[in-house]
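Enquirer: To start, I am sharing the structure in question, which I have written as structure tokens.
Only the coordinates and a few stated rules stand behind these numbers; no lab work does. Fair warning: this is a prediction, and the values are worked out from it, not measured in the lab. Neighbour counts are summed over all protein chains in view; Cβ atoms, including those assigned to glycine, are modelled from backbone coordinates with ideal geometry.
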Amino acid sequence: MDLVKEIKRLKKEKNAVILAHYYQVAEIQDIADYVGDSLQLSQQAAETDADMIVFAGVHFMAETAKILSPDKIVVLPDLKAGCSLADSCPPEVFEKFTKAHPDHVVITYVNCSAEIKALSDIVCTSSNAIKIVNSVPKDTPIIFAPDKNLGKYIISQTGRDMLLWDGSCIVHEAFSIDKLIALHKKYPDYKIIAHPESETHILDTAAYIGSTSGMINFVKAHPKEKFIVATEAGILHKMQQEMPHTELIPAPAKEDNTCACSECHFMKMNTLQKLYDCMLNESPQIDVPEEIRKKALIPIARMLELSK
Ligand code: 13P
Ligand code: SF4
């Protein structure tokens, strides 16, 4: 069976839109209607008039799409495609934490569950985090969760004294600083660019720090440069499509990592076959209890409003 042809047929038959994150495998990115970062994908999910949203990403992303478009069918190719950051923040523990600091505004990175969003005042993504934090009056204390690395980066950029949740992304914490420095010594004319989910010692080496779309735009804006890319390796596909002549090297991971470059095994659970199956069967679907959805929608809508 020609899966690409069949997926295209199902897309028409079901009036479906395929949204894919930059960390998806190349063949999924290539068949998607839209490929983007977390903010762009949630904007697309809010605006689409399709009947079915096929979310080629991880669970929290599909959940955000369902929160924004409750009347649409939202399918995720593999229900087990989770996220270490989202897993690092259990709702019962987080609720106790927020209750212990009732004067704090709660800002959560979009990489968290619907239950956590329902406990938040504003959601942010890596592309708008600084803007969202700066939108909070200077004398108001802030809780930032779940990514401590992104939180530390925001503190360094805004000077805000935020209370950080102790969560992190396994992929961005897998980069080896020793190997990165050795690689940069070997290729001194390459510029290091990094995602802010990376640890501070990695960010300190970077010529540019930004979200996945920010990193792609930076590469496009510097056609004469070469880059070492410190984020999930799937992004190299889009970078290379946009800039076929730019030389790119994925940042190296620590010895004990399963692959030489950093790949998110959650993102890579989605395959073309599973994408086809979920469209055909309209399953697995994402559902969010209405009470949680209504509460989670408020901080997401605030973010989208502030990001216009
Ligand atoms: P962005 O694409 O928004 O930068 O997020 C990166 C990420 O880790 C998604 O899981
Ligand atoms: Fe979560 Fe990290 Fe994978 Fe993104 S790359 S989905 S933050 S584990």
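Enquirer: Tell me, what is the FRET efficiency for LYS96 and GLU173 to the nearest 0.05, using R0 = 35 angstrom and their Cβ-Cβ distance as r?
Expert: E between LYS96 and GLU173, to the nearest 0.05, is 0.85.
Enquirer: Which of PRO91, ASN149, PRO70 sits farthest toward the positive end of the charge dipole of the chain, with +1 on the Cβ of Lys and Arg and -1 on the Cβ of Asp and Glu?
Expert: ASN149
Enquirer: Hey, another quick one. Round to a whole angstrom and tell me the spacing of the C-alpha centers of the stretch 241-308 and the stretch 65-132.
Expert: When both Cα centres are located, 14 Å separates them.
Enquirer: Count charges around PRO252 for me, please; just the other residues with Cβ under 12 Å from its Cβ, Lys/Arg as +1, Asp/Glu as -1.
Expert: Values: positive: LYS179, LYS186, LYS254; negative: ASP178, GLU255.
In short, +1.
Enquirer: Here are some pairs, LYS80/LYS179; LYS11/LYS268; LYS191/LYS254; LYS66/LYS268; LYS11/LYS66; LYS148/LYS226; which of them have Cα atoms lying more than 26 Å apart in this structure? Please report the intermediate quantities before stating the final value.
Expert: Values: LYS80/LYS179 31 Å; LYS11/LYS268 22 Å; LYS191/LYS254 20 Å; LYS66/LYS268 21 Å; LYS11/LYS66 18 Å; LYS148/LYS226 29 Å.
From the list (LYS80/LYS179; LYS11/LYS268; LYS191/LYS254; LYS66/LYS268; LYS11/LYS66; LYS148/LYS226), the Cα-Cα distance tops 26 Å for LYS80/LYS179; LYS148/LYS226.
Enquirer: Cα centroids of the stretch 197-219 and the stretch 1-59: how far apart, whole angstrom?
Expert: For the stretch 197-219 versus the stretch 1-59, the Cα centre distance is 26 Å.
Enquirer: Contact order normalised by length for the stretch 177-250, with contacts defined as Cα pairs under 8 Å and 6 or more residues apart; what percent is it?
Expert: Once normalised by length, the contact order is 29 percent.
Enquirer: Among TYR109, TYR187, TYR276, TYR22, which comes first, then next, by fewest other beta-carbon atoms within 10 Å? Numbers along the way, then the final one.
Expert: Values: TYR109 30, TYR187 14, TYR276 20, TYR22 26.
Ascending Cβ contact count within 10 Å gives the list TYR187, TYR276, TYR22, TYR109.
Enquirer: Could you list VAL136, VAL229, VAL4 in order of exposure, starting from the residue whose Cβ has the fewest other Cβ atoms within 10 Å?
Expert: VAL4, VAL136, VAL229
Enquirer: List the lysines whose Cα lies under 17 Å from the Cα of LYS5, skipping any in the same chain that are fewer than 8 positions away.
Expert: LYS14, LYS274
Enquirer: Expressed as a rounded percentage, what relative contact order does the chain have, with Cα pairs under 8 Å and six or more residues apart?
Expert: Over the chain, the number comes to 23 percent.
Enquirer: To make sure I understand the rule: partners must be aspartates and glutamates, Cα under 17 Å from the Cα of LYS117, and not fewer than 8 residues away in the same chain. Which ones qualify?
Expert: Cross-link targets: GLU63, ASP87, GLU92, GLU95, ASP147, ASP166, ASP287, GLU290, GLU291, GLU305.
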